[in-house]
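Participant: A single structure is presented below for examination.
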Amino acid sequence: MRSNLLRISFLFLLFAQSPWAMAKDQADTHEFLLSNGLKLIVREDHRAPTVAHMVWYRAGSMDETNGRTGVAHVLEHMMFKGTEKVKAGEFSRLVAAVGGRENAFTSRDYTAYFQQIEKSKLDDVMKLEADRMSNLNFDDAEFFKEIQVVIEERRLRTEDNPNSLLNESLMATAYMSSPYRHPVVGWMNDLQNMKPSDARDWYRSWYKPNNAIVVITGDVDAKQVLDSVEKYYGVHAAQELPVRKPQIEPPQKGIKQVQVKAPADSAQITMAWKVPRLEPGKLDNPEPYALELLTAVLDGYDNARLNRVLVKQEKVVNDVGVGYDMISRGPELFQISATMAKGKSVAQAQASIRKALEELKQKGILESELKRIKVRILSEQIYKRDSIFGQAMEIGSTEMAGFSWRDIDYMLEKMQTITPEQVQAVAQKYLLDEGLTIAVLDPQARNLVGKEGK
């Protein structure tokens, strides 16, 4: 009884305080647009003397062309190879010297670079990051050395990883026109034939202040940050960007299937349906929010439907997962993936998944079930904002998808209005065979040659 009272009290406080906390985040967040087109977003959070400094470029693998896939990720590597002022390999050493940590990452939609430092060192890392926005200068020898690193990265993370191979084949099969069909790391043949000029062309095309957003969160004063950003980033001139082609994915007209044979311990299946994403300017469309909640209904907690039925009751799979990204620059998939239990077949797993989905389509979900999920989503959001870096990530990734950071709280509020009937409706409308792609991993025996006696 006491635990129930504590839980109820916690949920009451959560809902009572969250609007205040979110309003405070809005008040503490400041947006500026420099004359060169660079957008600056500063969120003041004075709970600890630390700062996250991020630069986001709206240039990811979806902006690549055939024959040059992987170049966005390769350029991410080359950004650490020096400028006129900073020698190759010195960037990371200089950040470490002021007690900071740094890294970068490339996705389908963007490439981002970040440093986390003590607040008094912000100008030090800002100067470094702003320098390589326009002054990157690497020689051919550095490129050919680094491309081998990327090739080996692809070999280890994709070629030798059955999960990655399955996902890569799924995306290439599901999409016909969209550049989402290409892997972020690039196809191996494209990497093997990439030239230094490909990376330099990518850099000259996309790494411009008018294609970048600087996000700074932490113990800072927004006006002082603006002065520093004007000083370091404001010197770079805006330039014309390449024309982005829409590359709209044509409607799918039936089931697509692909089989991948690779060394693995167990068979796997992924079922992926074409579904809508949330689009800028259409924040009131209920379907993407309903799809987001549907993922949680199926796989949002330990006793969610698919885990309860497929893993615990029927024991047909060892694990099951559901994925969907509500916001992105390109088309989206609603994915269900599972790894077979010993002695169980892919056909059995698919039948169990279809049965669980059909039951949801026919019977819907309970209001109490959806309410628990909404509370979980809201609590996760509040906990996420305890992180300085997490706040910067949320702001940057939202902006890269074409939304404003100001939309984030509205999206959360809209999520709370979705009804069980709306969740049931999107399952009925989109989880159909007409838009389904099925990828199956057929496990092959692992090559043990040379491993005897080890």
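Participant: Could you grab the relative contact order for the chain? Cα pairs under 8 Å, six or more apart, rounded to a whole percent.
Facilitator: Across the chain, relative contact order equals 21 percent.
Participant: If you average the C-alpha positions of the stretch 153-188 and of the stretch 302-345 separately, how far apart do those two centres end up, in angstrom?
Facilitator: 20
Participant: I need the calculated FRET efficiency for the pair Asn135 and Asn66, taking r as the beta carbon distance and R₀ as 25 Å, to the nearest 0.05. Mind showing how you got there, number by number?
Facilitator: Working: r = 30 Å, r/R0 = 1.21.
Computed FRET efficiency for Asn135 and Asn66: 0.25.
Participant: Let a ≥ b ≥ c be the square roots of the eigenvalues of the Cα gyration tensor of the stretch 24-232; is it rounded (a/c under 1.5), or, if not, prolate (a/b larger than b/c) or oblate?
Facilitator: Prolate, because a/c is 1.5 or more and a/b exceeds b/c.
Participant: Report the paramagnetic label zone for Leu156: residues of the stretch 97-118 whose backbone N is under 17 Å from a point 7 Å from Cα along the Cα-to-Cβ axis.
Facilitator: Hits in the stretch 97-118 for Leu156 at 17 Å: 104-106.
Participant: A follow-up question, please. Based on the alpha-carbon gyration tensor of the chain and its eigenvalue square roots a ≥ b ≥ c, which shape applies: rounded if a/c is under 1.5, prolate if not and a/b is larger than b/c, or oblate?
Facilitator: Oblate, since a/c reaches 1.5 and b/c is not below a/b.
Participant: Short version: ³J(HN,Hα) in whole Hz for each residue of the stretch 235-241, in order, from phi by Karplus 6.51 cos²θ - 1.76 cosθ + 1.60 (θ = phi - 60°), x for Gly and Pro, what are they?
Facilitator: Residue by residue, the stretch 235-241 yields 6, 8, 7, 5, 9, 5, 9 Hz.
Participant: So, R0 is 25 Å and r is the distance between the beta-carbons of Gln362 and Gln257; what FRET efficiency does that work out to, to 0.05?
Facilitator: Working: r = 26 Å, r/R0 = 1.03.
Taking R0 as 25 Å, the efficiency between Gln362 and Gln257 is 0.45.
Participant: So what's the net charge close to Ser177: Lys and Arg +1, Asp and Glu -1, counting the other residues with Cβ under 13 Å from its Cβ? Can you show the working numbers first?
Facilitator: Working: positive: Arg181, Lys245, Lys274; negative: Glu249.
That sum, taken over residues with Cβ under 13 Å, equals +2.
Participant: Taking every DSSP beta bridge with both residues inside the chain, roughly what % is antiparallel (nearest 5)?
Facilitator: Looking only at bridges with both residues in the chain, the antiparallel portion is about 75 percent.
Participant: How much length is gained if the chain between Lys145 and Arg101 is pulled fully straight, taking 0.36 nm per residue apart and subtracting their Cα-Cα distance, in nm to one decimal?
Facilitator: 13.4 nm
Participant: So which of Lys208/Lys231; Lys315/Lys355; Lys312/Lys344; Lys39/Lys282; Lys39/Lys274 end up more than 21 Å apart, counting from Cα to Cα?
Facilitator: Table pairs above 21 Å Cα-Cα are Lys39/Lys282; Lys39/Lys274.
Participant: Something else about it: Looking at the square roots a ≥ b ≥ c of the eigenvalues of the Cα gyration tensor of the stretch 335-454, which shape do they give, rounded for a/c under 1.5, prolate if a/b is larger than b/c, or oblate? If you can, show how the numbers build up before the last one.
Facilitator: Numbers: a/c = 2.41, a/b = 1.36, b/c = 1.77.
It is oblate, given that a/c is not under 1.5 and a/b is not larger than b/c.
Any read-out appearing in this document is the output of simple, stated calculations on the displayed coordinates, not a laboratory observation. Keep in mind it's a predicted model, so treat the numbers as computed, not measured. With ideal geometry, Cβ positions are generated from the backbone for all residues, glycine too; neighbour counts draw on all protein chains shown.
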